[in-house]
Amino acid sequence: MILSALQAHQSQNYPKIAGLLLTGGLKPPDSVDLLLTGLSDLVPILSVPMDTYQTAMRIGSVRSYITADSQAKIRLSLRLFDRHVDTDALERQLVSLPDQNVTPRMFIYNLIQQAKSDKQHIVLPEGNDERILQASASLRRHDVVDLTFLGDPAEIEGLIYNLGLTKELAGVPIINPATSPKYEEYAQRLMELRQRKGMTLDMARDLMTDVSYYGTMMVYEGDADGMVSGAAHTTQHTIRPALQFVKTKPGFSVVSSVFFMALPDRVLVYGDCAVNPNPTAEQLAEIAIASADTAQAFGIEPRVAMLSYSSGESGEGEEVEKVRQATKIAQERRPDLQLEGPIQYDAAVALDVAEKKMPGSKVAGKATVFIFPDLNTGNNTYKAVQRETGAIAIGPVLQGLNKPVNDLSRGCTVDDVINTVAITAVQAQQS
């Protein structure tokens, strides 16, 4: 019977057999077993003690598909894919279209793979937050980044134990800033950097017990490649130290932010929606250039729309004139960018509207990067799009800093933390 089944497997006229399941404890005789071991194209053969009816019933109850809540199956599938699939060969066979939209799944997959390609060290000042620890466990399972937690070691270790993450987070350093061997050195360095602003050593020592200041100093001194915070702290608390001594990149006068807006079929970039309340024309041009570079760095072809309440040359007024001037400055500084404005949002995203309002435009109707004229407009727009369309807003991602520091929302999810850490790692690779 076994040999007949295997002969059928070899035939071109018979469906291929995935495996043989022998019931009732049946096993091949020694002579057949010897013959089977010599075959080059052998299918798996299993034996179970149950009868055929019981076996068939149990097989019928097995859920072979993977659902969104099948976390164990998802983790196993990802491990098996990484272990057995030649991703380099697969990548060589993929056809890339120049104007193809980046879908959310493509964006997240590429983000994680890019972070893994050159592993960075990210410091997390909120090691006593469950979401941070759960995200860290996932990042460690997939070997995306190296991590350091800041906080009270006893508290964090107890939380790790209670969450059942001892194995995943074993070996992750936990630093209490106040008792760290680097504490005095960091305080001295902070005083030197801020002495002209009236900083004394006692003031620096006091600030260096704060996890945000300590984590930022780790990044500044090269003891970490980037920092992610904000799950339990305000945006101001997270980014103030970076603004004080990490400072902006050469050629930039402002730190700004973008959100990656993951819509059902594409990922767009919105800036600035979190930092600058009312940027000048020069600052708006900087934000546009920085946002275009950020989009490019994460695999999104930048087509930049400078948004306003008017499209082209039709409108007048102080605000539209600011956008018009910002567009001119950005185009002069970066003539390589596809960047146009002023343009209304509908003309930026809809081809039929673009044909009427801005015919012949290379950006209108297919913009990927949207620059808002002020924080009020940007923040309200991203929240409206997020709520009304179900888009996932990844960010804010800070840009313009010499070294990467990123802020989380206090309402962030575990996935938000994972994505922000991966983004910070990619920024660290580039800096």
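The values are calculated or read from the model by the stated rules, or taken from the named source; none is laboratory data. Because the structure is a prediction, the values reported are computed rather than measured. Quick reminder, even Gly has a Cβ in these numbers, built from the backbone with ideal geometry, and neighbours come from all protein chains shown. We work out accessible area using only protein heavy atoms, side chains counted, and drop any ligands, DNA or RNA first. Shrake-Rupley method; radii C 1.70, N 1.55, O 1.52, S 1.80 Å.
Enter the angle in degrees (range 0 to 90, nearest 10) between the Cα long axis of helix 153-162 and the first principal axis of the Cα atoms of the chain, meaning the one along which they spread out most. Result, in degrees: 40. For His237, the accessible area of its heavy atoms, probed at 1.4 Å with every protein chain present, is near 50 square angstrom. Would you tally the net charge around Arg333, using a Cβ to Cβ cut-off of less than 11 Å, leaving Arg333 out, and scoring K and R as +1, D and E as -1? Net of charged neighbours comes to -2. Note on the chain: with a GNM built from Cα contacts shorter than 10 Å, the maximum mean-square fluctuation among Ala297, Ala285, Ala348 falls on Ala297. Measuring with a 1.4 angstrom probe and ignoring ligands and nucleic acids, Arg410 comes out at about 150 Å² accessible. Considering only Thr55, Thr67, Ala288, and ranking their Cα positions along the charge dipole of the chain that arises from unit charges at the beta-carbon of Lys, Arg, Asp and Glu, the one farthest toward the positive end is Thr55. Positive contributions from Lys and Arg (+1) and negative ones from Asp and Glu (-1), summed over other residues with Cβ under 12 Å from the Cβ of Arg131, come out at -4.
Note on surface exposure: Lys356, Lys27 rank Lys356, Lys27 by accessible area, highest first, 1.4 Å probe.
Think of it as helices only: each DSSP H run of n ≥ 4 in the chain is worth -39500 (n - 2.57), and spread over all residues that comes to -13500 deg cm²/dmol at 222 nm. With the Kirkwood sum run over all distinct C-alpha pairs, the chain has a hydrodynamic radius of 25.2 Å.
The calculated FRET efficiency for the pair Glu321 and Glu91, based on their C-beta separation and a Förster distance of 51 Å, comes to about 0.65. Annotation for the stretch 154-236: trypsin sites (Lys or Arg not before Pro) lying in DSSP loop with at most 13 further Cβ atoms inside 10 Å of their Cβ are Lys167. Using the Cβ-Cβ distance between Thr103 and Glu130 with R0 = 22 Å, the FRET efficiency computed as 1/(1 + (r/R0)^6) comes to roughly 0.15. Each Lys or Arg adds one and each Asp or Glu subtracts one; over the other residues with Cβ under 12 Å from the Cβ of Tyr382, this totals 0. Roll a 1.4 angstrom probe over the protein heavy atoms and tell me the percent of accessible area of the chain that is carbon or sulfur. Roughly 52 percent of what the probe reaches on the chain is carbon or sulfur. The GluC sites (Glu not before Pro) found in the stretch 272-331 that occupy coil by DSSP, while having at most 12 further C-beta atoms within 10 Å, are Glu313, Glu316.
Within the listed set Ser229, Ser77, Ser61, the Gaussian network model of the chain (springs between alpha-carbon atoms below 10 Å) gives the highest mean-square fluctuation for Ser61.
Ignoring everything but the protein chains, give the 1.4 Å probe accessible area of Thr216 in square angstrom, nearest 10. Solvent-accessible area, nearest 10 Å²: 0 Å².
Residues whose amide H comes within less than 5 Å of that of Ala224, counting only those at least five positions distant or on another chain, are Val219 (H built at 1.01 Å from N in the peptide plane).
For the stretch 48-185, a Kirkwood radius taken over Cα pairs fed into Stokes-Einstein (25 °C, viscosity 0.890 mPa s) yields D = 130 µm²/s. Note on Tyr161 and Thr23: the model spin-label points, each 7 Å out from Cα along the C-beta direction, lie 5.0 nm apart.
Using r as the Cβ-Cβ distance of Asn278 and Arg83, and R0 as 45 Å, what FRET efficiency do you calculate, to the nearest 0.05? For R0 = 45 Å, the calculated efficiency reads 0.30. Spin-label model, Leu351 to Asp69: label points 7 Å out along the Cα-to-beta-carbon direction sit 4.1 nm apart. Applying both filters, DSSP loop and at most 16 other Cβ atoms within 10 Å, to the trypsin sites (Lys or Arg not before Pro) of the stretch 46-94 gives Arg63.
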